[in-house]
């Protein structure tokens, strides 16, 4: 998913949310090539990776090789948990992506020709974290000059994580609780990391996994043995069976600053439900996030609740390709999207979207983005 802001005066801001596919590698590579051609040598101002599943990250090398990235946004996941995610993704010692799970910053910084100014980690949101109301109104006459992240302290337990140490040419920072990336006087990006989705693990389990992580970081020798040992430790603690895939997924709201604005649609490639009373063409990307219970939906609403941001977020990427476990009945009528985007491939193993999820969103302009069909929208943003 990508977007671009053009300033009425001058300047532009370009962003990307996730970059990967397991069932459509050819289409993924074609889309990346087309996007890079449109860049025409300019930087990408913001790249967000929602989580660490291969189908969301396996195009990142092709995307940023030879391209400057101003800010790369990641959910903060401790090293021990990243290794469990690698197990769930069946990443082996001979897989080049193992280096990404061990040290995502070092891996990205080592991509040939890449130039990342900063990596900003988003810690899990606490129950009292709420995005503040708007402090200013849009200024259409102000040139677009880039985004500014609201930084905060590292979370507890991040000491010793190689990802936090950074590298010689990449700065590593943390977003403050309920923090934003702001394009001054125009636009804001607000990530949400649902801390409640992090697995519960005992202190003893975490210590054991950290010891294995240290051995993995020491070099490639015996990495296969260490990964098998890690799986045994996991299964002793949580039971037999496969290690589950990552449950954490970074939501990202993207929309205009201020309340005295309106969208003026110019063109779209599929029908959508414009609501002039809600100015609902801001976006909410969900990755593989969960809104499967009233409590999780209420937490999201509380986090974004001020200034009606969720009312504006009409371009909704439906969670996890429309999978049933990430959804609850009646969710669509609560979110009321202008368009419900299903990034799905019904011919793939999991046959997304689930019929009941699609039925729930059917009155809300469902759009399937697959190997053949995409979705794009162009609109102007005007001050009232």
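The values are calculated or read from the model by the stated rules, or taken from the named source; none is laboratory data. Just so we're clear, the structure is a prediction, and the values are computed from it rather than from any experiment. When we count neighbours, we look across all protein chains shown, and the Cβ atoms used for this are built from the backbone with ideal geometry, even at glycine.
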In the stretch 91-107, is there at least one residue being touching a strand residue (DSSP E or B) at 6+ places or on another chain (Cβ under 7 Å) and closer than 23 Å to residue 177 by Cβ?
yes
Within 22 Å of residue 191 (Cβ to Cβ) and modelled with pLDDT of 85 or more: does that describe residue 147?
yes
For the stretch 329-342, which positions are over 20 Å from the mean Cα position of the chain (by Cα) and buried (at least 17 other Cβ atoms within 10 Å of the Cβ)?
331, 332, 336, 338
Which condition does residue 120 not pass, out of (1) crowded, with 16+ Cβ neighbours inside 10 Å; (2) out of contact with any strand residue (DSSP E or B) (no Cβ under 7 Å at 6 or more places or on another chain); (3) not in a helix (DSSP H, G or I), if it passes all the others?
(2)
Residue 149 being within 27 Å of residue 85 (Cβ to Cβ) and surrounded by 16 or more Cβ atoms within 10 Å (Cβ to Cβ):
yes
Could you pull out every one of the strands (runs of 3 or more DSSP E) wholly within the stretch 213-321 that has 3 or more residues that are surrounded by fewer than 22 Cβ atoms within 10 Å (Cβ to Cβ) and outside the structural domain of residue 175 (by TED's automatic domain parsing)?
261-268
In the stretch 131-158, the residues that are closer than 17 Å to residue 174 by Cα and out of contact with any strand residue (DSSP E or B) (no Cβ under 6 Å at 6 or more places or on another chain)
150, 153, 155, 156, 157, 158
Residues that are in the same structural domain as residue 59 (by TED's automatic domain parsing) and more than 19 Å from the chain's Cα centre (by Cα): does the stretch 118-126 have at least one?
no
Would you please name the residue that is modelled with the lowest pLDDT, looking only at residues in the stretch 164-198 that are in contact with a strand residue (DSSP E or B) (Cβ under 8 Å, 6 or more places away or on another chain) and on the phi > 0 side of the Ramachandran plot?
166
Which residues, counting only those in the stretch 153-172, are surrounded by 17 or more Cβ atoms within 10 Å (Cβ to Cβ) and closer than 30 Å to residue 11 by Cβ?
166, 167, 170, 172
